[in-house]
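The values are calculated or read from the model by the stated rules, or taken from the named source; none is laboratory data. Keep in mind the model is a prediction, meaning the values are calculated, not measured. Backbone-built Cβ (ideal geometry, glycine too); neighbour counts: all protein chains shown.
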Amino acid sequence: MRKSRFLVLLVLSVFLMSCYEQVDPGFVGVRTHQRGTRAGEVEVLPVGRHDWVFAITTTTYPTFKQNYVWTADKNEGSPNDESFTFAIEGLKVTIDVGIEFSVIEADAGKVYSEYRKSLGELTDGAVRNYVRDQLNQAIKPYTDMEKFITQNQMANQMADVMKEVESSTKNYFSTRGLEISQVYLIGSPNYPQKIVDAISRKVEATQNAIAKENELRESEAEAQKMKALAQGEADSLLVRARAEAEANNLLQKSLTKEMLTLKYIEKWNGVEPTVKGGSDTGFILNLNK
């Protein structure tokens, strides 16, 4: 009988000695008292061993940074499609989003008191829902799908939208025990294909029109150049012709009777011509007169 009691006491002692809760480094524990004078009280447990108490629920949260992605890819995050969808002009755009966050150790009690969820449930539920709502709010000012797509390539408007979502998410959860490091876009938005094709055709048509306009301008410039060259050549010929005419005119004016006689004398070899055209015709000089 005594031996049986001893065994019972031994087993009970061992059981009581092993009844403790361990909080590992990088984690924080949260106890919720369910009975007695402390019923409903939330107690934060730091790293280490803590005595086990009956009628207490304990949840553990990691305090190191967590990274989660909500994507359509079943090989990332969840096997389900968790991508976000928003609409512009009734046309749907799909994006994949990532988030990096951690539980603030000192505020772990706030996290549990606010949500009563594990970190995984919190990520899939409250955090995702808030990010989705803020995304829909941030996208409201954009009402022209074509303008959003084309200008996004230049001004990166989608990045501005994500910055706004990140800022509001950080502010909201900072008072609820979560530190949001970043909310970011993964890859590029998936726009409706028919809109993308229509914009591509429009851009191509615009580029072709610009190319043709440039070709026309080059042709016009070449024509102007050729015209200028032709005009220059014509002007040169005209100047030369005028100069020759002026020279001929001056020469004609300078050829007086006396000048012709002098030139004739200079070139005469002293032999009278064998043919005469009459007396005093101007062909034979009468030097005796």
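In table form, for the structure just shown:
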| item | result |
| --- | --- |
| Tally of residues being loosely packed, with under 12 Cβ neighbours inside 10 Å and modelled with pLDDT of 80 or more across the range 32-45 | 0 |
| The range 61-86 residues that are within 18 Å of Asn136 (Cβ to Cβ), paired with ones that are among the β-branched types (Val, Ile, Thr) and assigned to a loop (DSSP other than H, G, I, E, B) (beta carbon under 7 Å, 6 or more apart) | Glu82/Thr71; Ser83/Thr71; Phe86/Ile139 |
| Candidates Gly48, Gly90, Gly40, Gly77, filtered to the one that is closer than 24 Å to Thr169 by Cβ and either among the small types (Gly, Ala, Ser) or more than 44 Å from the chain's Cα centre (by Cα) (or both) | Gly77 |
| The range 69-118, residues that are on the phi > 0 side of the Ramachandran plot and either touching a strand residue (DSSP E or B) at 6+ places or on another chain (Cβ under 7 Å) or outside the structural domain of Val161 (by TED's automatic domain parsing) (or both) | Gly77 |
| Qualifying positions in the range 99-125 - closer than 23 Å to Glu76 by Cβ and either buried (at least 17 other Cβ atoms within 10 Å of the Cβ) or polar (S, T, N, Q) (or both) | Ile99, Phe101, Ser102, Val103, Ser118, Leu119, Leu122, Thr123, Asp124 |
| Of all residues making up the range 227-266, the number that are surrounded by 10 or more Cβ atoms within 10 Å (Cβ to Cβ), of a type in the set (Ser, Thr, Tyr) and at pLDDT below 75 | 2 |
| Lys110 at pLDDT below 70 and in a helix (DSSP H, G or I) | no |
